[in-house]
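One structure is given below, encoded as structure tokens.
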Amino acid sequence: MNFLAHCLLGYPERGLIAGGFMGDFIKGRIPTSLPSELARGVRLHRHLDSTSNRMPEMRQSYVHFGTELRRPAPVLLDLIADHVLAIQWGRYGVGDLTEFTTTCYKAIDHYPLPQNARPFYDRMKTTDLLAQYAERDVIERAMFYILKRLRFDRFEKHLHQVVEMRFDNFCQDFHQYFPLLREVAQTFIAEEH
């Protein structure tokens, strides 16, 4: 799952929403200087990532990428999951998507950002990237950027074909694993308060 899903699974708690974003930028031990509710959000983010990486329902989606993209498949699937969530917002989300993303930015703005998060966050907020995840070309550009960063850019055309040909499979898989991840989040939130 990428940022949109993490923020939704932390909703409505401000610290959990912000931690859903910041979890990717805080590495290693969670600093004791973080406000407790934000630290809890980072722990939720890590718990969801750890759980989703082991879920058979998500692992079966990795197969759609083929052997060429096996290594970056988990990161690519996170982006596809946010795309499916955005286009299925009426089924899984809360209220209007752009109103929800505004709530997310307000939650994140409440806390000091890690330095390494600032450039990406500024761009994300300015362009309302979370809402733009509903656009297939936005997701594909993000995936192509990841391929380039991982030196897999020779597979851009292959990835485009996979997304075109296997999109229905990705959607079906999402409908299987996302409700399970929502249960995981709710259990974590109830147990760690």
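The values are calculated or read from the model by the stated rules, or taken from the named source; none is laboratory data. The structure displayed is predicted, hence computed values, not measured ones. Note that each Cβ is placed from the backbone with ideal geometry, even for glycine, and that neighbours are counted across all protein chains shown. These accessible areas exclude ligands, DNA and RNA; they are computed on the full protein's heavy atoms, side chains included. Shrake-Rupley method; radii C 1.70, N 1.55, O 1.52, S 1.80 Å.
When the stretch 110-128 is limited to residues that are closer than 18 Å to LEU8 by Cβ and open to solvent by 30 Å² or more (accessible area, probe 1.4 Å), the one that is farthest from the chain's Cα centre (by Cα) turns out to be HIS110. Applying a threshold of 7 Å to beta carbon distances and a minimum spacing of six or more residues, or different chains, the list of pairs starting in the stretch 140-155 at a residue that is surrounded by fewer than 12 Cβ atoms within 10 Å (Cβ to Cβ) and ending at one that is not in a helix (DSSP H, G or I) is empty.
PHE155 falls short of the stated requirement of being assigned to a helix (DSSP H, G or I) and within 16 Å of the chain's Cα centre (by Cα). Report yes if some residue within the stretch 87-104 is over 17 Å from the mean Cα position of the chain (by Cα), modelled with pLDDT of 95 or more, in a helix (DSSP H, G or I) and not charged (D, E, K, R); otherwise report no. Yes, some residue in the stretch 87-104 is over 17 Å from the mean Cα position of the chain (by Cα), modelled with pLDDT of 95 or more, in a helix (DSSP H, G or I) and not charged (D, E, K, R). Screening GLY95 against (1) open to solvent by 20 Å² or more (accessible area, probe 1.4 Å); (2) among the small types (Gly, Ala, Ser); (3) touching a helix residue (DSSP H, G or I) at 6+ places or on another chain (Cβ under 8 Å) leaves a single unmet condition, (3).
Pairs are defined by a Cβ separation below 9 Å, a sequence spacing of at least 6 or placement on different chains, a first member in the stretch 63-76 that is loosely packed, with under 15 Cβ neighbours inside 10 Å, and a second member that is not in a helix (DSSP H, G or I); the pairs so defined are VAL63/ARG70; GLU68/PHE152; ARG71/LEU150; ARG71/PHE152.
Residues that are part of a loop (DSSP other than H, G, I, E, B), surrounded by 20 or more Cβ atoms within 10 Å (Cβ to Cβ), out of contact with any Cys (no Cβ under 6 Å at 6 or more places or on another chain) and small (Gly, Ala, Ser) do occur in the stretch 14-36, at least one of them.
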